[in-house]
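Structure first, commentary second.
Read the figures in this text as sums done on the coordinates, not as results from a lab. Note that this is a predicted model, so its numbers are computed, not measured. Positions of Cβ are generated from backbone atoms using ideal geometry, with glycine treated the same way; all protein chains shown enter the neighbour counts.
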């Protein structure tokens, strides 16, 4: 690793328009941590690399690992129908056809609940017709997971169960949370904490117990494709809308530790890790077809090599974790601005200097 290049690359992301970001890169015994920019635009308080941060859908990797832990123990059948466990939530023929595996890899055909929970997003994926008003309306709303699931289950089907490409849908992971609770008798967040987070020795990773983030953290600035100008701080937000799908709080150091242990076969059995790395094509929330496994997906890094990991976004906060297939080089990055791209006349996000600067940071971090 070249610390000078890494420091310059992370500063360039800040110069391109990111208020603040921080990262950790590891390769064997080598560790680099860096931060650039501010945690609070009003005070100029700087970001630091040890800050806690909402990591969005990286939560899905933790939830998938918890389910596979029970698969390893024979308590859940990976290819068992979800209707066997949750007949009241996914009733009838769909409950018989959708398997646990299909929930984890987003091939269930279930729609996304978010446009129904947030009415001003009802036009999603037509971004030009979406508006951010619901974010303020529901900043402190305490959602019930089963009601959100019902929104997703009754939404128009995204496809037939098991069909590809699947559709990335948070409904799947809320159902996995209910599955964990039904099988273990404890709340999904508690089971994941005891059997994944604590098992991995993560000291600064937790599910929120309210709208606040405990410990040192940054503000979270949401631009919503230029519709919120200047970007608004959503660091205080009730994350019950996301639960075991995207509500986790962590640090870049904890994320790197977790993914390192996961790929070493120390979180789930090596046979389950192999299952996690078997991918199918799905359509991402950005409308792109990507390969997706069981809570993991592969990413190609400039300079060669396949890296495994997951990205995540919540209102105002984003993160990305990547680890080389052999478990060596790994990187976790956290950012305090989201949806910085404005839309063109047809509603497509336009390129922004932040995009190129982030790509350069990832390139230096993973292969520089």
The residue from 131, 122 that alone is in contact with a helix residue (DSSP H, G or I) (Cβ under 8 Å, 6 or more places away or on another chain), free of Cβ contacts under 8 Å to residues at least 24 places away in the same chain and surrounded by fewer than 18 Cβ atoms within 10 Å (Cβ to Cβ) is 122
In region 204-229, which residues are in a strand (DSSP E or B) and without any contact (Cβ under 8 Å) to a residue 60 or more places away in the chain? 206
Search result, residues across region 230-239 that are closer than 20 Å to residue 141 by Cβ and outside any strand (DSSP E or B): 234, 235, 236, 237, 238, 239
Go through (1) crowded, with 21+ Cβ neighbours inside 10 Å; (2) touching a helix residue (DSSP H, G or I) at 6+ places or on another chain (Cβ under 6 Å) for residue 85 and report which single condition fails. (1)
Determine if region 23-30 includes at least one residue that is buried (at least 20 other Cβ atoms within 10 Å of the Cβ) and under 18 Å from the mean Cα position of the chain (by Cα). yes
Of all residues in region 7-36, which are assigned to a strand (DSSP E or B) and free of Cβ contacts under 8 Å to residues at least 60 places away in the same chain? 30, 31, 32, 34, 35, 36
By residue number, the members of region 134-156 that are in contact (Cβ under 8 Å) with a residue 60 or more places away in the chain and over 26 Å from residue 235 (Cβ atoms) are 149, 150, 153
Considering only region 71-89, I want to know if a residue exists there that is part of a helix (DSSP H, G or I), under 24 Å from the mean Cα position of the chain (by Cα), in contact (Cβ under 8 Å) with a residue 12 or more places away in the chain and farther than 14 Å from residue 172 by Cβ. yes
Strands (runs of 3 or more DSSP E) wholly in region 281-366 with at least 3 residues that are in contact (Cβ under 8 Å) with a residue 24 or more places away in the chain and crowded, with 17+ Cβ neighbours inside 10 Å - which ones? 306-314, 317-324, 330-335
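Yes/no matrix, rows are residues, columns are (1) part of a loop (DSSP other than H, G, I, E, B); (2) touching a helix residue (DSSP H, G or I) at 6+ places or on another chain (Cβ under 6 Å); (3) closer than 20 Å to residue 58 by Cβ:
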{"position": "157", "(1), (2), (3)": "yes, no, no"}
{"position": "171", "(1), (2), (3)": "no, yes, yes"}
{"position": "181", "(1), (2), (3)": "no, yes, no"}
{"position": "190", "(1), (2), (3)": "no, no, yes"}
{"position": "202", "(1), (2), (3)": "yes, yes, yes"}
Selection status of residue 95, part of a helix (DSSP H, G or I) and in contact with a strand residue (DSSP E or B) (Cβ under 8 Å, 6 or more places away or on another chain): yes
